[in-house]
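Each value in this text was obtained by applying a stated rule to the coordinates, not by laboratory testing. Computed from a predicted model, the values in this text were never measured in an experiment. A quick note on method: Cβ atoms are made from the backbone with ideal geometry, for glycine too, and the neighbour counts reach across all protein chains shown.
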Amino acid sequence: MHPQSKPWFPNGTPPPSPQAEIPPSETAAPLSFEELSRYRTEGWAVARGVVSAAELEELRVACEALCTRAQTFTRDVFIGATFFNLHRDGNPFARDLASRPQVPGLLRRVTYPYALSPVLNAYRAHPRLLGIIQTLLGPDLVQIVNQVNFNPPGHGTGWGWHQDYRFRKPGVANLVEDFVQTILAIDLCSTATGGLRLIPGSHRLGDLKLDTDNENAERFFDARQAVTPVLEPGDMVLFNSHIIHGSTPNLSPAKRRVYINGYARATARIGMPVLRAGVPTSDIQGRMEYEGDLDLLPKAAKY
């Protein structure tokens with residue numbers, strides 16, 4: 001175990017308030033009635049146009065900065081609290097994944113990028129994003145997940161079927177009701193580019209350990225029911241802790257990057273405050289879920 005008393009920030013300086021680069025006049029865009037109903041019944045929904053074209057460009061520049069930093073990496077690297085995970089050609093849940101070589105300089109995911117990037121720190125508390133989550137969880141929230149996922153073009157691998165509850169630490173009383181995972185599309189997400197696929201209503205199947213025998217996961221559900229929502233850049237999909245989901249391979253020449261943030265009601269015993277009485281907070285005391293756990297994070301961050 002490598003203890004770490006608090007989040008690490010470049011040059012010892014904390015990032016600005018999450019609200020710093022986003023005008024407070026940007027009002028929250030609530031879920032449509034249809035999408036809210038879908039979330040209540042099927043466990044997932046899509047919010048369209050959560051961020052603008054100009055905001056997307058800021059996010060893309062921030063993602064490219066992460067890639068530039070990783071160009072010389074030949075193995076997974078921690079920079080303070082931020083974890084850089086390199087790509088391996090295989091399903092992240094494959095039994096033999098550890099035996100497959102990492103691709104130098106090619107990122108698969110970066111966990112807790114907020115600690116390195118003021119832009120990514122700001123957008124994890126975007127008022128429109130938090131307004132949507134507030135509709136589902138109420139006005140007091142903590143954040144426990146923060147990650148950028150890359151599905152590199154032409155590498156032909158996706159993420160196997162799984163449920164996120166398997167990677168949540170104890171501390172959230174009722175994961176299905178008290179936690180929401182969000183995936184913001186920075187690039188087009190579709191079947192061709194390695195978009196998210198999910199099984200509507202699969203949270204009703206309960207706790208399944210799909211990641212432990214991923215090759216045979218489909219014996220627990222009907223994969224023919226899978227949907228792959230097409231997400232234009234700026235759209236966001238959200239789902240609960242038990243929705244079965246994964247992603248398809250990116251067989252296109254295009255990049256497919258997503259910004260993942262997971263939120264819980266503030267009654268949780270873990271997490272970093274992000275919304276209080278409906279107002280984004282700059283309080284960066286506390287930690288996100290695996291922050292500072294340099295041993296467990298590389299094993300658990302497969303959101």
Next on the checklist: Roughly how far apart, in whole Å, are the Cα centres of segment 188-237 and segment 100-142?
Outcome noted: 20
Checklist entry - Given R₀ = 41 Å, FRET efficiency for residue 218-residue 279 by Cβ-Cβ distance, to 0.05? => result 0.40
Next on the checklist: Within 15 Å, Cβ to Cβ, of residue 193, how many net charges do the neighbouring residues add up to if Lys/Arg are +1 and Asp/Glu are -1?
Outcome noted: +2
Item to check | Exposure proxy ranking, count of Cβ atoms within 10 Å, fewest first, for 41, 182, 228 | outcome: 41, 228, 182
Checklist outcome for this item: Fewest to most Cβ atoms within 10 Å: 183, 270 sort as 270, 183
Next on the checklist: What distance in nm separates the two pseudo spin-label positions at residue 228 and residue 40, each 7 Å out from Cα along the beta-carbon direction?
Outcome noted: 3.1
Next on the checklist: Neighbour counts of other C-beta atoms within 10 Å: give me 291, 218 arranged from fewest to most.
Outcome noted: 218, 291
Next on the checklist: I'd like the trypsin sites (Lys or Arg not before Pro) in segment 189-264 restricted to DSSP loop residues with at most 13 other Cβ atoms within 10 Å, sorted by number.
Outcome noted: 209
